[in-house]
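One structure is given here, and the rest of the page talks about it.
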Amino acid sequence: MSTDRVEQILNHLKLHNLVTVEELVAVTGASPSTIRRELSKLTKKGTISRVHGGATLNRYIPIQTPVTEKAVTKHQDKALIGKKAASLIKEGDCIILDAGTTTMEIARNIPNIPLTVFTPDLNIALFLSELSEVNVVVTGGHVDKTTKSCSGDDTKQYFERINPNLVFLACNAWIDESPGVSTPNYSKVIIKKSLLKRHAKKVLVVDSSKYGATSLYKICDIDDLDMVITDKGLPEEVSESLKKRGVIMIRV
């Protein structure tokens, strides 16, 4: 294994999180078969994980980032994701917006039409309260000062009583293989699991930087979702993997 080539591969992964074999061929000048051999060796060492058509660094998301920090990360991608997700919302819908900076971008793109929005996110609720036609319901519960959102048994029980037709889920980490979608916060995973029990269309909104990462608490398998909306930083090969599982992926 060429030390220089391995260093090039790892540096490119650190910059881009997820890369394809073709990208690494262009960066290193090595053949596709050589790149695949290098990736196999790095996989055996536990440095990376192979994904469809490429690789990602093994990462673990250990803490909940304050919402003020997350808001400035990948903002342009999140804005595009939010705009696309909001286009799914129709007049008369009853929807759930999970807490998060990407779901906040959905809220920013919701038109002033008659619909009901349930959310544990205080920032989302305050923003949507300015729209005269939108009925906004805050779920209640304990306020997490880090994420500015509600959690706890009261929040969980509230979600278990309602029947929306559309749920938008956010997460800290996801991958198309096991463990699927995950989060570092136990109180949040309880809430997110309750959202997924609803008989509704379930849409994960997440930027590509979170792909390939895992966190402490599993929310669900990818198969439990109906759709994933992400940005074009994610390779098209992942879309094919999700399609085989019956999940639609939209890259914006």
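Placing a pseudo-label 7 Å from each Cα along the Cα-to-Cβ vector at SER129 and ASP153 gives an inter-label distance of 2.7 nm.
Straight-line cross-link partners of LYS45 among the lysines, defined as a Cα under 25 Å from its Cα and at least 8 positions apart when in the same chain: LYS14, LYS210, LYS218. Per-residue extension of 0.36 nm, minus the Cα-Cα distance of HIS199 and HIS75, leaves a gain of 41.6 nm for this segment. The phi torsions of region 225-233, fed into the Karplus equation with coefficients 6.51, -1.76 and 1.60 and a -60° offset, translate into couplings of 9, 9, 8, 10, 10, 9, 9, 6, x Hz, rounded to whole numbers, with Gly and Pro shown as x. Bridgeable aspartates and glutamates around LYS192 (alpha carbons under 13 Å apart, same-chain partners fewer than 8 residues away excluded): ASP98, ASP121, ASP153, GLU160, ASP221, ASP224. Only residues of region 209-234 count here: report those whose backbone N is under 20 Å from the spot 7 Å along Cα→Cβ of HIS142, or say none. Answer for region 209-234: 216-219. Other residues lying with their Cβ under 12 Å from the Cβ of THR34 contribute a combined charge of +3, Lys and Arg counting +1, Asp and Glu -1.
Using only Cα atoms, find the angle between the long axis of helix 32-44 and the longest principal axis of the chain, and express it within 0 to 90 degrees, rounded to the nearest 10. Long axis of 32-44 versus the principal axis of the chain: about 70 degrees.
If I fit a long axis through the Cα atoms of helix 75-86 and take the longest principal axis of the Cα atoms of the chain, what angle between them do I get, 0 to 90°, rounded to 10? In the chain, helix 75-86 runs at an angle near 50 degrees to the longest axis.
Charge tally for LYS197 (other residues, Cβ to Cβ under 11 Å; Lys, Arg +1; Asp, Glu -1): +3.
For a straight C-alpha distance cut-off of 16 angstrom, the aspartates and glutamates reachable from LYS41 (same-chain residues fewer than eight places away being disregarded) are ASP4, GLU7. For the chain, the longest principal axis of the alpha carbon atoms and the long axis of helix 186-196 meet at an angle near 70°. The Rg/Rh ratio of the chain, with both radii computed over alpha carbons and Rh defined as the Kirkwood radius, is 1.01.
Note that region 117-123 has calculated 3J(HN,Hα) couplings of 10, 9, 8, x, 8, 5, 5 Hz, one per residue in order, obtained from phi through the Karplus relation 6.51 cos²θ - 1.76 cosθ + 1.60 (θ = phi - 60°); glycine and proline are x.
For region 22-54, backbone nitrogen atoms closer than 20 Å to the point 7 Å from GLU7 Cα along Cα-to-C-beta are found at 24-31, 35, 38-39, 41-43, 47-48. Among 182-193, 136-147, the peptide with the highest mean count of other Cβ atoms within 10 Å heads the list, and the full ranking is 182-193, 136-147. Neighbours of LEU115, meaning other residues whose beta-carbon lies under 14 angstrom from its beta-carbon, give a summed charge of -2 when Lys and Arg score +1 and Asp and Glu score -1.
Can you tell me the FRET efficiency between LYS14 and ARG37 if r is taken as the Cβ-Cβ distance and R0 is 22 Å, rounded to the nearest 0.05? It comes to 0.60.
Each value in this text was obtained by applying a stated rule to the coordinates, not by laboratory testing. All of these numbers come straight from a predicted model, not from anything done at the bench. No Cβ is skipped: glycine too gets one built from the backbone with ideal geometry, and neighbour counts run over all protein chains shown.
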